[in-house]
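Worksheet: one structure, shown below.
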Amino acid sequence: MRTKLVEGLREKGIADEAVLQAIQHIPRHFFLDTAFESIAYEDRAFPIGEGQTISQPYTVAYQTQLLEVKPFDKVLEIGTGSAYQSCVLAELGAHVYTIERQKKLYEQLKHFIFRTRYPTIKFFYGDGYEGLPTYAPFDRVIVTAAAPEIPRKLLEQLKTGGMMVIPVGGAAGQRMLRITKTGDDDFEEEAYDNFSFVPMLSGKGH
Ligand code: SAH
């Protein structure tokens, strides 16, 4: 089923072999409730509780491909959710710092069966708009919720030469942007396709 999923992603235009391999390696059904097991490998989003979703594999592959992750890159992820995207990044050799604002989702990950398989993922409960100043700067930043605008603090926590991939826009849809930090306060922006994410909310939730 996973091979079929990967073939489907390839047909939809995902060409980065490392990203496809990562998806091939990760058993996505472990990230969903058992009720969804049989359809875990369909290319669609699923509920993970607290009104949140695990992103569609195509969306995960698309963002990861744009991020151009290299082994040992320090990657900040906003919106841990099911941690599926975090695992894809870890498969690529990244050191992942991932933040979730919903307490329940964060707590659920304490029992996460992949904690030992991916020791390079560090989990944080907090507000993604703040980033993680203590661990900055990062080679890469990936935002997996819809941001109304580009969060200033996340740009500041990027290394020069680093990149951020972020869906920007409101409830009607978001444009995927890739921002490259070219100097202390210089940025280049590239715009890609439209997507539909759950909103990036401010502050910590319960
Ligand atoms: N990367 C996730 C996608 C989860 S959906 C996965 O692979 O499953 C987006 C997640 O972003 C939700 O869990 C939501 O609670 C979280 N989120 C929304 N606003 C946030 C913020 N300001 N800081 C951190 N997480 C946030």
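The values are calculated or read from the model by the stated rules, or taken from the named source; none is laboratory data. Computed from a predicted structure; not experimentally measured. Neighbour counts run over all protein chains shown; Cβ positions are idealised from the backbone, glycine included. Protein only, heavy atoms only, side chains kept; ligands, DNA and RNA dropped before computing areas. Shrake-Rupley method; radii C 1.70, N 1.55, O 1.52, S 1.80 Å.
Here are some pairs, K74/K204; K4/K104; K12/K70; K12/K104; which of them have Cα atoms lying more than 30 Å apart in this structure?
Violating the 30 Å Cα-Cα cut-off are K4/K104; K12/K104.
Return the carbon/sulfur percentage of the accessible area of region 1-136, one whole number, probe 1.4 Å, all protein chains in place.
Answer for region 1-136 is 53 percent, counting heavy atoms of protein chains only.
May I ask you to list the residues of region 187-206 whose amide nitrogen lies under 12 Å from a point 7 Å from Cα along the Cα→beta-carbon direction of A171?
199
Taking a spot 7 Å from the Cα of K122 along the direction of its beta carbon, which residues of region 50-76 have an amide N less than 19 Å from it?
70-76
Report, in debye and to the nearest 20, how large the dipole of the chain comes out about its Cα centre when Lys and Arg carry +1 and Asp and Glu carry -1 on their Cβ. All intermediate terms of the calculation are to be shown ahead of the outcome.
Numbers: 23 positive and 27 negative charges, 132 e Å.
The dipole magnitude comes to about 640 debye.
With each label point set 7 Å from Cα along the Cα-Cβ vector, what nm distance links T3 and K103?
Each label point is offset 7 Å from its Cα along the Cβ direction, giving 4.7 nm.
For region 91-201, rounded, prolate or oblate, judged on the Cα gyration tensor with a ≥ b ≥ c (square roots of eigenvalues), a/c < 1.5 rounded, else prolate if a/b > b/c?
oblate
Defining a contact as two alpha carbons under 8 Å apart and six or more residues distant in sequence, what relative contact order in percent does the chain show?
Computed value for the chain: 16 percent relative contact order.
Of V141, F72, G49, whose Cα points farthest to the positive end of the dipole of the chain (charges on the beta-carbon: +1 Lys, Arg; -1 Asp, Glu; origin at the Cα centre)?
G49
Summing -39500 (n - 2.57) over the DSSP H runs of n ≥ 4 in the chain and dividing by its residue number, what mean residue ellipticity at 222 nm do you reach, to the nearest 500 deg cm²/dmol? Show your work: numbers first, answer last.
Values: 6 runs with 49 residues, N = 206.
Value at 222 nm, helices only: -6500 deg cm²/dmol.
Using a 1.4 angstrom probe, figure out how much accessible area the chain has per residue, in square angstrom, rounded to the nearest whole.
With all protein chains present, the chain gives 47 Å² per residue.
May I have the extent of the alpha carbons of the chain along their three principal axes, as whole Å values ordered from largest to smallest?
Largest to smallest, the principal-axis extents are 48, 39, 36 Å.
For A191 and K12, compute 0.36 nm times the residue count separating them, minus their Cα-Cα distance, and round to one decimal in nm.
62.6 nm
Find the all-direction average of the projected area of the Cα convex hull for region 1-101, expressing the result in square nanometres with one decimal place.
Numbers: hull surface 23.8 nm².
The Cα convex hull of region 1-101, projected and averaged over all directions, gives 5.9 nm².
Go through Q21, F123, P199 and say which Cα lies farthest out towards the positive end of the charge dipole of the chain; charges sit on Cβ, +1 for Lys and Arg, -1 for Asp and Glu.
So the residue furthest toward the plus end is F123.
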